[in-house]
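Read through the structure below, which is laid out as structure tokens, and then see the notes.
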Amino acid sequence: MTKERILRVSVAGDLCMRNLTDVVDDTYSKEALRLVQPILARADFRLINLENAVIEEGTPIHKSGPPLKMHPKNLVFLKAGRFDCAILANNHVGDYGEEGVYSTLRSLDEAKIKYVGAGKNIDESYKPLFLEANGCKLGIVALCENEFGIAELDKAGTAGFDIFRVNKAIKEAKEKADFVLTIMHGGNEYNPVPSPRVVSRYRTFADLGADAVIGMHPHCIQGYEIYNNVPIVYSTGNFLFSKSSSKDLQDPWYYGYLPYLTFKKGKSASLEIYPYRFNPECTLITPFENEEKEAMLSYVQKISEPIKDEELLMRFFMGWCIISGIPHAKHLQYKPEFFDESEFPTGHPLLPLRNLYTCEAHNELMTVFLKMLADGKKDVGLSMTEEIRRLQKMPV
């Protein structure tokens, strides 16, 4: 009897060693992963988003937002978790410029950990990664929004979103592999419901040939759907990411879920999710069990409902434009003196303004926010803010 060819893949969300570089060693790592390790161990391949550059020192680039890095020795965490691949397509791997990107690639090579989503130029950053097990071959395509640190034709960095390159990469992976997994780092931070453009974009990846799509970056859980037999996860939430400004155990920052994908030849991919919470000290990741697990699964189902309804999804996003668009709108001002600066220091007003234009999530936020005001639909957005804030509160 022919053995079924099945490939099981788990995908962990954002991992950042901010404030942890001095404490992360093998003992720390094994303890932090102790409770979640049995779930990870069931997979043939384990992927994780590495949300920082891997470099000892270095000079941060000029950008809006904090520059993040970890020491190469901290990669022991990935080794302890038996992670096979680091996803590098995100908005922080390029925080220390080309020097940081090259250091990250070199450090991962030395640790014998594969990676995807960054490279010495834009073409290399888009190269699919191929993993094989159980007579099956998986192609992985990873990309991110066009924030800072994006690769260019002659510059090392991450795989910034370009629909032509996405299409090309998925087709290449489809020709060479049995299954294609597309991972994108993007969306609106802290919003429990994905935006209309994000939903359209991830469904497009499925239409182009992806067998599963995983999203991350919002620093909170978002829902999922099965679109034309393709599982789409909109945000896994953080996996382990320190936050000095909040110790509230119910802060969505400390919650996430592990998507567990099962690929079988001749069948559609299936999806299971395993919700968890990590403590503010970042010393333990705890999967939920029993009643708490059921409460979290019910919550994920609830925040998944708007994805099915285009009109409701837009209303939710208009509500988010009230919550997040108003504070972002303060950057919508250009001054002639910006042009006179020969070199922009970190924190220069032009940097967040630049990000509002080039980052797909910020661009959509401002576009819908301004259109909502121009169309006289502010009240629609205001009517949704209370529900969004309710959904930002974790049920356990």
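The values are calculated or read from the model by the stated rules, or taken from the named source; none is laboratory data. Computed from a prediction, not measured in an experiment: that's the story for all the values here. Here the Cβ is made from the backbone with ideal geometry for all residues, glycine too, and neighbour counts use every protein chain on show. Side chains included, ligands, DNA and RNA excluded: accessible areas come from the protein's heavy atoms. Shrake-Rupley method; radii C 1.70, N 1.55, O 1.52, S 1.80 Å.
Express the accessible area of region 146-218 per residue in Å², computed with a 1.4 Å probe while the remaining protein chains stay in the model.
About 35 Å² of surface per residue is accessible.
Given the rule -39500 (n - 2.57) for each run of at least 4 DSSP H residues, summed and divided by the residues of the chain, what is its mean residue ellipticity at 222 nm, to the nearest 500 deg cm²/dmol?
My calculation for the chain gives -9500 deg cm²/dmol from helical runs alone.
With 5 Å bins from zero, work out the P(r) of region 220-322 over every alpha carbon pair and list the percent per bin.
2, 11, 18, 20, 18, 15, 9, 4, 1, 0
Please compute the length gained on full extension between Ala329 and His348, using 0.36 nm multiplied by the number of residues separating them and subtracting their Cα-Cα distance.
Length gained between Ala329 and His348: 5.2 nm.
Would you be so kind as to identify which of Ser64, Asn134, Leu105 lies farthest towards the positive end of the dipole of the chain, taking Lys and Arg as +1 and Asp and Glu as -1 on Cβ and the Cα centre as origin?
Asn134
Send over a whole-number figure in Å² for the accessible area per residue of region 1-128, probe 1.4 Å.
That works out to 42 Å² for each residue.
Which value, in debye to the nearest 20, describes the size of the charge dipole of the chain about its Cα centre when Lys and Arg Cβ atoms bear +1, Asp and Glu Cβ atoms bear -1, and nothing else is charged?
Roughly 980 debye, rounded to the nearest 20.
Given R₀ = 51 Å, FRET efficiency for Thr21-Glu311 by Cβ-Cβ distance, to 0.05?
About 0.65, to the nearest 0.05.
Size of the dipole of region 1-73 about the Cα centre, Lys and Arg at +1 and Asp and Glu at -1 on the beta carbon, nothing else charged, in debye to 20?
Dipole magnitude for region 1-73 comes out near 400 debye.
Report the relative contact order of the chain, percent, no decimals, based on alpha-carbon pairs under 8 angstrom and at least 6 residues apart.
Averaging sequence separation for qualifying contacts and normalising by length gives 16 percent for the chain.
For region 230-385, what Kirkwood radius comes out of the mean inverse Cα-Cα distance, in Å?
19.1 Å
Could you sort the peptides 86-96, 237-247 by per-residue average Cβ neighbour count (10 Å cutoff), highest mean leading?
The peptides rank, most packed first, as 86-96, 237-247.
Would you please name the GluC sites (Glu not before Pro) within region 116-157 that are DSSP coil residues with at most 10 other C-beta atoms within 10 Å of their C-beta?
Answer by residue number: there is no such site.
Residue separation times 0.36 nm, minus the C-alpha to C-alpha distance between Glu124 and Lys247: what's the value?
40.3 nm
With a 1.4 Å probe and all protein chains left in place, how much accessible area per residue does region 221-329 have, in Å²?
Per-residue accessible area for region 221-329 comes out at 41 Å².
Quick check: from the Cα gyration tensor, does the chain come out rounded (a/c under 1.5), prolate or oblate?
Rounded, because the longest to shortest axis ratio a/c is under 1.5.
Roughly how many percent of the accessible protein surface of the chain is carbon and sulfur, given a 1.4 Å probe and a whole-percent answer?
50 percent
Considering the options Leu20, Ile55, Phe83, tell which one lies farthest towards the positive end of the dipole of region 1-108, charges being +1 on Lys and Arg and -1 on Asp and Glu at the Cβ, about the Cα centre.
Farthest towards the positive end: Phe83.
Quick one: putting +1 on the C-beta of Lys and Arg, -1 on the C-beta of Asp and Glu, what dipole do you get for region 74-204 around its Cα centre, in Debye to the nearest 20?
Here region 74-204 has a charge dipole of around 520 debye.
For region 122-214, what D do you get in µm² per second when you plug the Kirkwood radius from alpha-carbon pairs into Stokes-Einstein at 25 °C and 0.890 mPa s?
178 µm²/s
If you keep only loop residues by DSSP, which GluC sites (Glu not before Pro) in region 45-100 have at most 15 other Cβ atoms within 10 Å of their Cβ?
Sites meeting the loop and neighbour criteria: Glu56, Glu57.
What's the local net charge at Ser235, with K and R +1, D and E -1, over the other residues with C-beta under 11 Å away?
-2
For region 159-293, what proportion of DSSP beta bridges, expressed in % and rounded to the nearest 5, is antiparallel?
About 70 percent, rounded to the nearest 5.
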